[in-house]
Amino acid sequence: MKNIYLLGATGSIGTQTLDVIRQHPDKFRLVAFSAGRNIELTKKIINEFRPAYVSVISEQSAKQLAEQYKEVEFGFGDEGLINVATYDAVAGDEHFVLSAVMGAVGLLPTLKAIEMRRTIGIANKETLVTAGHLVMEKARKYGVKLLPVDSEHSAIYQCLQGEDAKAIRKIIITASGGSFRDYTREMLKEVTREQALNHPNWSMGAKITIDSATMMNKGLEVIEAHWLFDLPYDQIETILHRQSIIHSMVEFEDTSIIAHLGTPDMRIPIQFAMSYPERIDLKQSKSLKLEEVGMLEFKKMDFERFPCLKMAYEAGHEGGSCPTVLNAANEAAVDLFLKDKISFLDIEKVVYESLEHHHKVDRPALEDIIEIDKNTRRIITEKYE
Ligand code: NDP
Ligand code: MG
């Protein structure tokens, strides 16, 4: 029995994780979870899974919940997130933390979970983008496994099973192209929030759906891959593949390419991480019918069309605190776009300006990262809100 500590249970990845737990009550037990502001769903999850600890964003909501559920412990805010990742009242068994919150708030709970030597499934890519060096260093120090949940990274991880990592020539991350893959730059000037939120292949949270439309998501994934697989940026390629059937590939020194194929169902990589090293049945997922897919298409990635991807490669290459700024600026910009305060193309402009004005810190410590993240967001909010 694995004890599951789930950060972001009310989100898109979170609810799909609950579905995996629901399918395998003999293997997984939800011990603690965090939610944000969705209290109705929080109650449903408590009623169904009877966890020991729950955290939400607001103190007031935590108090109200505590009155209703006497047998559950409640927390709130940033500390509550850490408590979920480190909750320690259940002895024995294995402990698995799944980080599926949105944004850099996932950083501290992840670092704390590593200190407790808990295996971590990481969907929350912003944590690796903002402070990949700290997370990986700590994971190495404590001998902790970070199992990717992002579909591309899970695919690469699966392609690498039993392989020699030194024989990797490059990894090839596929991109569906997002909501505006058939739009020209000119057409992007007028696009709305509703159009951007309409992803052709995947149903996901709002922020990552916008990131997919700007192609920043692929940029964040390149940086995420750099840290997870310890590869330099010139060994990480991206390619457009609109069907999202191949989730990513690895090319080896003998030019063989191993690819991972599957239906676009996030429960597959979620479950893979949760059950690793075992591979178990995923009951409601349909087999991929290649005869129905027919053809697989690929197209070279166009960096002029997708400047966010280019900026992410550059920030990753530049290193130091640059990815922290890239991530914080992007989170702030997407938030402004979702509130209708800036246009779609302003997102890339805001990120560009933030990187332009930043004085790089070479090996930022945790305090530097927290400070830079906060300042980057503050400057943007003051200017645009
Ligand atoms: P959602 O927006 O659907 O869910 C985010 C979760 O985090 C919700 O539970 C939300 O709570 C909670 N949350 C948001 N902000 C805070 C905060 N400040 N403090 C505490 N909790 C917070 O996101 P997704 O599930 O789509 O994505 C989660 C992560 O997984 C992201 O990093 C994303 O990039 C990554 N990912 C997602 C994929 C997908 O298919 N969705 C695929 C690959 C990676 P509430 O809703 O209750 O307010
Ligand atoms: Mg992905």
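Taking Cα centre as origin and charging only the Cβ of basic (Lys, Arg, +1) and acidic (Asp, Glu, -1) residues, the dipole magnitude of the chain rounds to 680 debye. Result for the chain in a Gaussian network model with C-alpha springs under 10 Å: among 309, 108, 288, the largest mean-square fluctuation is at 288. With a cut-off of 12 Å between beta carbons, the residues surrounding residue 181 carry a summed charge of +1, where Lys and Arg count +1 and Asp and Glu -1. Normalising the average separation of contacting C-alpha pairs (under 8 angstrom, six or more residues apart) by the number of residues puts the relative contact order of the stretch 1-116 at 32 percent. For the stretch 319-385, treating each Cα as an identical point scatterer without solvent, what Debye log10 I(q)/I(0) comes out at q = 0.19, 0.22, 0.27 1/Å? Here the Debye-derived log intensity ratios amount to -0.64, -0.82, -1.14. Which value does Rg/Rh take for the stretch 1-128 over its C-alpha atoms, Rh per Kirkwood? Radius of gyration over Kirkwood radius for the stretch 1-128 works out to 0.92. All other residues whose Cβ lies under 11 angstrom from that of residue 210 are scored, Lys and Arg at +1 and Asp and Glu at -1, for a net of -1. Look at 169, 305 and count the other Cβ atoms within 10 Å of each Cβ; fewest to most, that gives 169, 305. Computed on the chain, with alpha-carbon pairs under 8 angstrom and 6+ residues apart, the relative contact order is 15 percent. Along its principal axes, the stretch 1-62 has C-alpha extents of 35, 22, 17 angstrom, given from the largest down. Taking a point 7 Å from the Cα of residue 233 along the Cα-to-Cβ direction, the residues of the stretch 355-383 with backbone N closer than 17 Å to it are 355-364. The order of 194, 237, going from fewest to most other C-beta atoms within 10 Å of their C-beta, is 194, 237. With 30 Å as the limit on Cα-Cα distance, the pairs of 125/374; 44/341; 2/339 that go past it are 44/341; 2/339. For the stretch 35-62 versus the stretch 280-349, the inter-centroid distance based on Cα atoms is 30 Å. Per-residue extension of 0.36 nm, minus the Cα-Cα distance of residue 201 and residue 94, leaves a gain of 35.1 nm for this segment. By DSSP, the beta bridges lying fully in the chain are antiparallel in about 30 percent of cases. Residues considered: 61, 154, 287. Largest GNM mean-square fluctuation over the chain, using C-alpha springs under 10 Å, is found at 287. In the neighborhood of residue 278, defined by Cβ-to-Cβ distances under 12 Å, what is the net charge if each Lys or Arg adds +1 and each Asp or Glu adds -1? For residues surrounding residue 278, the net value is +1.
Rounded if a/c is under 1.5, else prolate if a/b is larger than b/c, else oblate: which is the stretch 233-378, with a ≥ b ≥ c the root eigenvalues of its Cα gyration tensor? Because a/c hits 1.5 or more and a/b exceeds b/c, the stretch 233-378 counts as prolate.
For the chain, the Kirkwood hydrodynamic radius from C-alpha pairs, put into Stokes-Einstein at 20 °C and a viscosity of 1.002 mPa s, yields a diffusion coefficient of 101 µm² per second.
Which residue, 357, 24, 199, has the most motion in a Gaussian network model of the chain that connects Cα atoms within less than 10 Å? Its mean-square fluctuation being the largest, the pick is 357.
Values in this text are rule-based calculations from the coordinates and carry no lab data. What you are looking at is a predicted structure, and each value in this text was computed from that prediction instead of being measured. Neighbour counts run over all protein chains shown; Cβ positions are idealised from the backbone, glycine included.
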